[in-house]
Every structure is written in C-alpha cells, then in structure tokens.
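The values are calculated or read from the model by the stated rules, or taken from the named source; none is laboratory data. All values derive from a computational prediction rather than experimental measurement. Cβ placement follows ideal geometry from the backbone for every residue including glycine, while neighbour counts extend to all protein chains displayed. What goes into the accessible areas is simple: the full protein's heavy atoms, side chains included, and nothing from ligands, DNA or RNA. Shrake-Rupley method; radii C 1.70, N 1.55, O 1.52, S 1.80 Å.
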Amino acid sequence: ELGSFRDTLTAEISKSDEVKVWALKDLGIQASQHIMQAREPLKLMRDLSHNLPSLVSTISRLKVNASMQQEIEANHQFMHPGHNLVLLNGRNVDPEDTTPFGLLSTLKFEVSAIERLLSAGIDVKSARKLLLG
C-alpha cells in the first residue's frame, strides 16, 4: 500500500510541475527579468545555468514586466534574433576583439567615469542616464 501511495504522490507532483510548451514562449525574458530583480543576480545566473530544468516551472509562471518587454522590443529594432551583442553602459563591446585584460580595462574606465560623475554631485539615476546616452 505504501508503494502505491508513493506512486500516486509522485504522479500528482509531476502533474503540477508539468509545463506546457506555450508556457515556454517567454522563458528567456522571464529568466532575464528574474535575474535582474534578484538580490544576488550572479548567484541566480549560476543556479539557473546549473538547474534550469528543475526551475522552469517556477520561472515560466512569472509575469513579464511591461518595461522589460518594451526594452526587448526596442532592442529588436537594431538587433536581430540569433545575433550576439555585448553592451557595457550602452557601448558596443566586440567579443571577438576583446581579451580578458581589455575587458578589465574597459570596466575600470566605466567605474572611473561613474565615480567622477558621483563625486561631481550627480545622483546615481542621472549618472546612469548620462552614461547610457
């Protein structure tokens, strides 16, 4: 009887975690949004990359934020699906020509620019707008 009960519970759990194909349509957007809203985004990215199948049912239930959807649609105007683009504060970084040391140098420059804006008394939100153009 216990084996039968276990099988019944297992079947019920698997039915509740079952994700329909159409629920996967926005999974990339939902995962990106989840990462952006996380307290520890790098940890969440690691967890998603290691455990995506077990997290799909949770992520697929997230409602896509309208501003996130608008930003993605705006990006589609200059970026086509299937292509790769790396941006750092709105500036294109060519992954083919970038070495780890070159990327570190670019990051140091960006941090320096932010620090200069903040030390000039510009608030974080305005500094971000200036850097992103």
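Only one of (1) under 15 Å from the mean Cα position of the chain (by Cα); (2) open to solvent by less than 50 Å² (accessible area, probe 1.4 Å); (3) acidic (Asp, Glu) fails for Glu110. Which number is that?
Failing condition for Glu110: (1).
Within the group Gly82, Gly90, which residue is within 30 Å of Leu24 (Cα to Cα) and in contact with a Gly (Cβ under 8 Å, 6 or more places away or on another chain)?
Gly90
Out of (1) of a type in the set (A, V, I, L, M, F, W, C); (2) surrounded by 10 or more Cβ atoms within 10 Å (Cβ to Cβ); (3) at pLDDT below 90, the odd one out for Ile35 is which?
(3)
Tell me whether segment 76-92 contains one or more residues that are open to solvent by less than 100 Å² (accessible area, probe 1.4 Å) and modelled with pLDDT of 85 or more.
No, segment 76-92 has no match at all.
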